[in-house]
Structure formats: structure tokens, C-alpha cells
Amino acid sequence: MVQARVLCRSRKGSRAEEEEEEEEAELVDPLTTIREHCEKTEKCVKAREKLELCDARVSARSHTQEECTEELFDFLHARDHCVAHKLFKNLK
């Protein structure tokens, strides 16, 4: 009888834990969602294309001092500029 109660309690506990895990899994960070949306804007697409071209150019060379830092910063700036205008509207 005692074992049945313990088993029943452990099942209830695991169900509660499973439900809690499902709720956590459903949560989505609004920043991630907005970043994904902003990356599809015209400015971000152009900046990403420049970054990818630079990356391909640098990767094709075995010895180069060229880096794509400027292109990366341009892309991040364009994306973050878009995000800044949308993020705080979604926060509660």
C-alpha cells in the first residue's frame, strides 16, 4: 500500500515536471524572433551579401591579411538598428 502511494506521488511529480518542461519549451525569446524578421529586410540582406562575398573571397585565399570585420559590423549594425525600433514594443 505504501509503495502504491509513493508510486502514485512520483507519477504525479513527473507529470508536473513534464508539463513544466513543455511550458518552458514553448517560450520563445522575442529578441530572436525580431532578429530573424529584421534579417529579411532589404538593408540586412544587402549587408549579409557583402559579408558573404567577403568571406568567400578571404576563404579562397591561403595567405591574406584581409578580414571581414567591417562587413560584419555593417550587417550587425543594420540588423540591430531594425531590432531597436521593434523590440521594446514587444516587452511587457
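List, please: which pairs have Cβ atoms under 6 Å, are six or more places apart or on different chains, and start with a residue in the range 72-92 that is part of a helix (DSSP H, G or I) and end with one that is open to solvent by less than 70 Å² (accessible area, probe 1.4 Å) and of a type in the set (Gly, Ala, Ser)?
74/47; 75/47; 78/47
With respect to residue 64, is the statement that it is modelled with pLDDT of 90 or more and β-branched (Val, Ile, Thr) true?
For residue 64, the condition - modelled with pLDDT of 90 or more and β-branched (Val, Ile, Thr) - is not met.
Going by the conditions given, is residue 50 surrounded by 13 or more Cβ atoms within 10 Å (Cβ to Cβ) and at pLDDT 95 or above?
It is true that residue 50 is surrounded by 13 or more Cβ atoms within 10 Å (Cβ to Cβ) and at pLDDT 95 or above.
For the range 55-68, which positions are part of a helix (DSSP H, G or I) and surrounded by 10 or more Cβ atoms within 10 Å (Cβ to Cβ)?
Answer for the range 55-68, where residues must be part of a helix (DSSP H, G or I) and surrounded by 10 or more Cβ atoms within 10 Å (Cβ to Cβ): 55, 56, 57, 58, 59.
The values are calculated or read from the model by the stated rules, or taken from the named source; none is laboratory data. Because the structure is predicted, anything quoted here is derived from the model rather than measured. Here the Cβ is made from the backbone with ideal geometry for all residues, glycine too, and neighbour counts use every protein chain on show. Just so you know, the surface numbers come from the protein's heavy atoms only, side chains and all, with ligands and any DNA or RNA stripped out. Shrake-Rupley method; radii C 1.70, N 1.55, O 1.52, S 1.80 Å.
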